[in-house]
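A short write-up of the structure that comes next.
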Amino acid sequence: MFDTKQPLLSICIPTYNRAKMLNDLFQSIVTQIQFDVELVIVNDGSFDETMTTINNWINNQRIKIKYYYQEHSGRGLALRKALLNADGEYSIIMDDDDYFTDGAFGLINESIQKLRS
């Protein structure tokens, strides 16, 4: 199970019918995370494989995931819901068609450490 302490970073992701692209984002996160991260994903009424994909990630327990489903209301409301449910000390917004490049989490961690000092 996951630690109950506050994560350092919440990655807030609104999504709508982009299971394949969302999987690319997920892989770019789990292959390089270096610190306590949570994903806050709001499914904005997708009718593709988004729900199944995310439930598989939750069952695999590779990373803490908060998952919410809502009727299709638009990106703005989905993003707002993700941000309101984020517990991280810091938050970052990623869209479902984004991904982190190699080394991104090292740079994020360096930036957070500079902010803390």
## Note on the structure
Computed over the chain, protein heavy atoms only, probe 1.4 angstrom, the accessible area per residue in square angstrom equals 56 Å²
### Task
Return the single residue from Ser91, Ser73, Ser46 with maximal mean-square fluctuation; model: Gaussian network over the chain, springs between Cα atoms under 10 Å.
Ser73
### Message
Using only the alpha-carbon atoms, how far is helix 75-84 inclined from the longest principal axis of the chain? Give it as 0 to 90 degrees, nearest 10.
### Response
50 degrees
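Measure off, as a whole percent, the carbon and sulfur share of the 1.4 Å-probe accessible area of the chain, all protein chains present.
Details: 3230 of 6570 Å².
Heavy-atom surface of the chain belonging to carbon and sulfur, 1.4 Å probe: 49 percent.
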### Query
Pick from Arg62, Arg75, Arg18: which is most flexible by mean-square fluctuation in a GNM of the chain where alpha carbon atoms under 10 Å apart are linked?
Arg62
### Candidates Ala82, Ala19, Ala104: whichever shows maximal mean-square fluctuation once the chain is modelled as a Gaussian network with Cα springs under 10 Å
Ala104
### Which labelled figure in (i) 135; (ii) 96; (iii) 84 is volume of the Cα convex hull per residue in Å³, once derived from the coordinates
(ii)
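Helix-derived [θ] at 222 nm for the chain: sum -39500 (n - 2.57) over DSSP H runs of at least 4, divide by residue count, nearest 500? If you can, show how the numbers build up before the last one.
On the way: 4 runs with 46 residues, N = 117.
That calculation yields -12000 deg cm²/dmol at 222 nm.
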### Query
How far, in degrees from 0 to 90, does helix 104-116 lean away from the longest principal axis of the Cα atoms of the chain, to the nearest 10?
60 degrees
### Spin-label pair Asn85/Ile112, simplified geometry with 7 Å Cα→Cβ offset, distance in nm
2.1 nm
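The values are calculated or read from the model by the stated rules, or taken from the named source; none is laboratory data. Bear in mind that the values here come from a model prediction, so they are computed numbers and not experimental data. Positions of Cβ are generated from backbone atoms using ideal geometry, with glycine treated the same way; all protein chains shown enter the neighbour counts. For accessibility, only protein heavy atoms count, side chains too; no ligands or nucleic acids. Shrake-Rupley method; radii C 1.70, N 1.55, O 1.52, S 1.80 Å.
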